[in-house]
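K.L.:
If you scroll down you'll find the structure; I have some questions about it.
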Amino acid sequence: MARLLVIEDDAEIGGALQAALERHGHHVAVVATGAAGLRAAAGDPLDLIVLDLGLPDLDGVEVCRRLRSTLPAVVIVMLTARSREMDVVVGLEVGADDYLTKPVSSSELVARIQAHLRRTEPSHTSWRSRSLGALVVDVASRRVTVAGEEVPLRRKEFDLLTRLVAEPGVAVTRETLMADVWDEHWHGSTKTLDVHVASLRRKLASVGADAPRIVTLRGHGYRLEADPTAARDQ
């Protein structure tokens, strides 16, 4: 049973979501404001938070930023009725793992949440750690280092890098990355992927030239640029 927090000021949406998730055996708390959400998140450990960006007191993006700073491992799924793409991008950049645009059915949202809860470890890994040049990805400890310097990554950033390093030098399609890292039934925008790739690039680049590069293959996907013979399983 997972512990979930829903921060949603629409009582009808919050109630329907709570009922649907509790039918799946989860413990669900629902609050209507950003301030109440931050207080609730400071209590018992949580596995996932559903966060509406359109809250009556605090800006949802700011709430997301504060949640991520105190809960680095929790999954955050944003709900947004905002039409501006930039709002979604900013929300993802400050810490959200995923988003859905309203109106959204309870069944679709529950399916997405269930997919996130199942993904406690990337399904494509059969190894404990992998080295690729100066890069070391340790799945067991969920740590990434480049030339001995640790690179702090969020949950989905780590999962994305793990998927790319599983096939160094190989072009991986956008569809494959979305299926392996997010949800095999994903049919929405892949903006989530683009933002996470951009953030991962910045973090790898910040530790110096020894870090591998993520190359964009327009119209196809991404490739982790490194000598494939340098990779080894342990």
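What follows draws every value from the coordinates through simple rules; no lab data is involved. For clarity, every value in this text was computed on a predicted model and none was experimentally measured. All Cβ positions, even for glycine, are placed from backbone atoms using ideal geometry, and neighbour counts span all protein chains on display.
K.L.:
With +1 on each Lys and Arg Cβ and -1 on each Asp and Glu Cβ, how big is the dipole of the chain about its Cα centre, in debye rounded to the nearest 20?
P.N.:
520
K.L.:
Something else: How big is the charge dipole of region 3-66 about its Cα centre, in debye rounded to the nearest 20, if each Lys and Arg gets +1 on its Cβ and each Asp and Glu gets -1 on its Cβ?
P.N.:
280
K.L.:
Excluding residues fewer than 8 places away in the same chain, name every one of the lysines whose C-alpha is closer than 18 Å to that of residue 191.
P.N.:
102, 156
K.L.:
Would you grab the residues whose amide H sits under 5 Å from the one on residue 214? Only those 5+ places off in sequence or on another chain, please, with H modelled 1.01 Å from N.
P.N.:
Sorted by chain and number, the residues that satisfy this are 225.
K.L.:
Which of the three applies to region 129-233, rounded, prolate or oblate, going by the alpha-carbon gyration tensor with a ≥ b ≥ c and a/c under 1.5 meaning rounded? If you can, show how the numbers build up before the last one.
P.N.:
Numbers: a/c = 1.63, a/b = 1.50, b/c = 1.09.
Prolate, since a/c reaches 1.5 and a/b exceeds b/c.
K.L.:
Let me ask another. Hey, what number do you get for the chain at 222 nm if only DSSP H runs of n ≥ 4 count, each worth -39500 (n - 2.57), divided across all residues, to the nearest 500?
P.N.:
-10500 deg cm²/dmol
K.L.:
For the charge dipole of the chain, defined by +1 on Lys and Arg C-beta atoms and -1 on Asp and Glu C-beta atoms about the Cα centroid, which residue among 42, 137, 219 has the Cα displaced farthest towards the positive pole?
P.N.:
137
K.L.:
Please list the non-local residues whose amide H lies under 5 Å from the amide H of residue 81, H modeled 1.01 Å from N, same-chain partners needing a gap of 5 or more.
P.N.:
Long-range HN contacts for residue 81: 53, 54, 102.
K.L.:
Something else now. Using a Gaussian network for the chain with springs between C-alpha atoms less than 10 Å apart, which of these wobbles most: 112, 174, 218?
P.N.:
Per the Cα network of the chain with a 10 Å cutoff, 218 tops the list.
K.L.:
Shape verdict for region 3-118, please, from the Cα gyration tensor: rounded (a/c under 1.5), prolate (a/b greater than b/c) or oblate.
P.N.:
Rounded, because the longest to shortest axis ratio a/c is under 1.5.
K.L.:
Based on the Cβ-Cβ distance from residue 176 to residue 202, what FRET efficiency comes out when R0 is 22 Å, to the nearest 0.05?
P.N.:
Working from the Cβ atoms, E equals 0.45.
K.L.:
Also: Could you tell me which residue out of 80, 114, 58 lies farthest along the dipole of region 3-118 toward its positive end? Charges go on the beta carbon: Lys and Arg +1, Asp and Glu -1, centred on the Cα centre.
P.N.:
114
K.L.:
Further question on the same structure: Determine, from the Cβ-Cβ distance of residue 147 and residue 114 and an R0 of 45 Å, the FRET efficiency 1/(1 + (r/R0)^6), rounded to the nearest 0.05.
P.N.:
0.70
K.L.:
Further question on the same structure: For the chain, modelled as a Gaussian network with Cα springs under 10 Å, which listed residue fluctuates most, 86, 78, 178?
P.N.:
Answer for the Gaussian network model of the chain: 86.
K.L.:
Given H placed on each backbone N at 1.01 Å, which residues far from residue 30 in sequence or on other chains put an amide H within less than 5 Å of it?
P.N.:
6
K.L.:
I'd like the Karplus ³J(HN,Hα) series for region 201-209: coefficients 6.51, -1.76, 1.60, θ = phi - 60°, whole numbers in Hz, and an x wherever there's a Gly or Pro.
P.N.:
Taking θ as phi minus 60°, the curve returns 4, 4, 5, 5, 5, 5, 9, x, 6 Hz for region 201-209.
K.L.:
Which of 49, 214, 76 moves the most in a Gaussian network model of the chain with Cα springs under 10 Å?
P.N.:
Judging by the Gaussian network model, the answer is 214.
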